[in-house]
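Working notes for the structure below.
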Amino acid sequence: MPRPRLIIDCDPGHDDAIALIVAHRHAEVVGITTVSGNAPLDATTANALMVTALLDADTPVHRGAPKPLVGEPAHAAAVHGESGLGGVARIAHARRAASDDAVGFLLDAADEALWVVAVGPLTNLALALERDPSWGRRLAGISIMGGSTDIGNVTRVAEFNTFADPEAAARVFDCGALLTMCGLNLTRQLRSNDALAKRLRRADSPLAQFAAQSFDDLHDRIEGLTGVREAALHDPCAVLAVTHPELIETRRQAVSVELEGTLTRGMTVVDQRPHTPDGGAARRGADAPTANVAYTIDADEAMAVVVEALGVESDA
Ligand code: BDR
Ligand code: CA
């Protein structure tokens, strides 16, 4: 398969950084757009620039939206630290953002061979759709880390990226593009643990050292929150859905984003009722499938791809 071309829209974020590394190993990354999410926009943009320095890649980074379409920004300092990359040694560099117009970049870059991999709140994508409602349909597709078919992580039912900008997520899930949804139900199957961090620490690779620091910090924080020293590698899954689609099984289903519920705002409501492949009468109109919803990932193979991208030789 030729290397896919893609833009990564992200809010680094530990797992966003790993997603950027995997993407640069297996795709032609034509640009990175940043958004407020795990940390404020200045921090997520600085982190994206630092990852390009770590990779020695000249990928342009375009600053995007500093806040969601509605309301105030939500951040995830408890998971990623105030900087978005807590626990990671900063790398000195002189890189600057290529522009502060991520939306213009997304609009101009669109073509039928380009994927957008969106691993933060979907604000930039929604703003692109506001300016050109056909934008999503002018792409090869959009692979999203967001939502869940079952439980949430910010609330009982809402995942962080859809919770942080539900109005944007609703627009994107309804835009008519070829969508892949890698929700928490999928991404929790791909997990880092202390054994992985130890293996990375032993490797003679700056990428592996960076990832080891990242996982150590994540494991400390997640252990504090859940009691378990493991972290889901959420965002790399949305990259792998484009670069290694054979590792992920999907089902075509309707996905809508709840905007009103007092307990359910930001929840992705997925139509999981059994139906025939062509949908049948009950799956037309509002229930017509809108996304390829990911359910299973070959976690061993996926982890092998991630570890290799981090510069670690196979121990097979
Ligand atoms: C998502 O939220 C962020 O904290 C992660 O980077 C990931 O994109 C998981 O809910
Ligand atoms: Ca993210």
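The values are calculated or read from the model by the stated rules, or taken from the named source; none is laboratory data. Source: prediction; values computed, not measured. All Cβ positions, even for glycine, are placed from backbone atoms using ideal geometry, and neighbour counts span all protein chains on display. Ligands, DNA and RNA are stripped out before the accessible areas are found, and what is left, the full protein with its side chains, is counted by its heavy atoms. Shrake-Rupley method; radii C 1.70, N 1.55, O 1.52, S 1.80 Å.
The phi torsions of the range 110-120, fed into the Karplus equation with coefficients 6.51, -1.76 and 1.60 and a -60° offset, translate into couplings of 4, 7, 6, 9, 9, 9, 10, 9, 10, 10, x Hz, rounded to whole numbers, with Gly and Pro shown as x. In order along the range 230-239, the phi-based Karplus estimate (6.51 cos²θ - 1.76 cosθ + 1.60, θ = phi - 60°) of 3J(HN,Hα) comes to 8, 9, 6, 8, 4, 5, x, 4, 6, 6 Hz; Gly and Pro are listed as x. Placing +1 on the Cβ of every Lys and Arg and -1 on the Cβ of every Asp and Glu, with no other charges, gives the chain a dipole of roughly 160 debye about its Cα centre. In a DSSP loop and with at most 14 other Cβ atoms within 10 Å, the trypsin sites (Lys or Arg not before Pro) in the range 137-167 are ARG156. For the range 39-48, the Karplus equation 6.51 cos²θ - 1.76 cosθ + 1.60, evaluated at θ = phi - 60°, returns couplings of 9, x, 4, 4, 6, 5, 5, 4, 5, 4 Hz by residue, with Gly and Pro reported as x. Checking every one of the chymotrypsin sites (Phe, Trp or Tyr not before Pro) in the range 162-225 against DSSP loop status and a limit of 16 other Cβ atoms within 10 Å picks out no site at all.
Taking the Cα centroid of the range 146-204 and of the range 234-278, what is the distance between the two, rounded to the nearest whole Å? Value for the Cα centre distance between the two parts: 10 Å. Classify the range 1-142 from the C-alpha gyration tensor, please: rounded if a/c falls under 1.5, else prolate or oblate depending on whether a/b exceeds b/c. The shape class here is oblate. Solvent-accessible area per residue in the chain equals 41 Å², computed with a 1.4 angstrom probe and all protein chains kept.
Identify the trypsin sites (Lys or Arg not before Pro) of the range 206-308 meeting these criteria: DSSP loop state and at most 12 other C-beta atoms within 10 Å of the C-beta. Sites meeting the loop and neighbour criteria: ARG284. What a 1.4 Å probe finds exposed on the range 177-290 is 52% carbon and sulfur by accessible area, rounded to a whole percent.
About its Cα centre, the dipole of the range 132-208 is roughly 440 debye, where the only charges are +1 on Lys and Arg Cβ and -1 on Asp and Glu Cβ. Calculation over all alpha carbon pairs of the range 181-316 in 5 angstrom steps from 0 returns a P(r) of 2, 9, 16, 16, 16, 14, 10, 7, 6, 3, 1, 0 percent. Once C-alpha pairs closer than 8 Å and six or more residues apart are averaged by separation and normalised to the residue number of the range 227-306, the relative contact order reads 36 percent.
Taking amide H as placed 1.01 Å from N in the peptide plane, ARG191 has its amide H under 5 Å from the amide H of LEU233, each at least 5 places away in sequence or on another chain.
Using a 1.4 Å probe on the protein chains only, how many percent of the accessible area of the range 19-67 belongs to carbon and sulfur? Carbon and sulfur atoms account for 48 percent of the accessible area of the range 19-67. Here the Kirkwood formula puts the hydrodynamic radius of the range 50-108 at 13.8 Å, using every distinct Cα pair. Based on Cα contacts under 8 Å between residues 6+ apart, the chain shows a relative contact order of 19 percent.
Centre-to-centre separation between the Cα atoms of the range 214-231 and those of the range 55-101: 21 Å. Say the dipole of the chain comes from +1 at the beta carbon of Lys and Arg and -1 at that of Asp and Glu; which of GLY183, THR262, ILE32 then lies farthest toward its positive end? Working it through, the farthest residue towards the positive pole turns out to be THR262. Computed across the chain, the Kirkwood radius stands at 19.2 Å (inverse of mean 1/r, all Cα pairs).
Helices in the chain, meaning DSSP H runs of at least 4 residues, each add -39500 (n - 2.57). Divided by all residues, the mean residue ellipticity at 222 nm is -11000 deg cm²/dmol.
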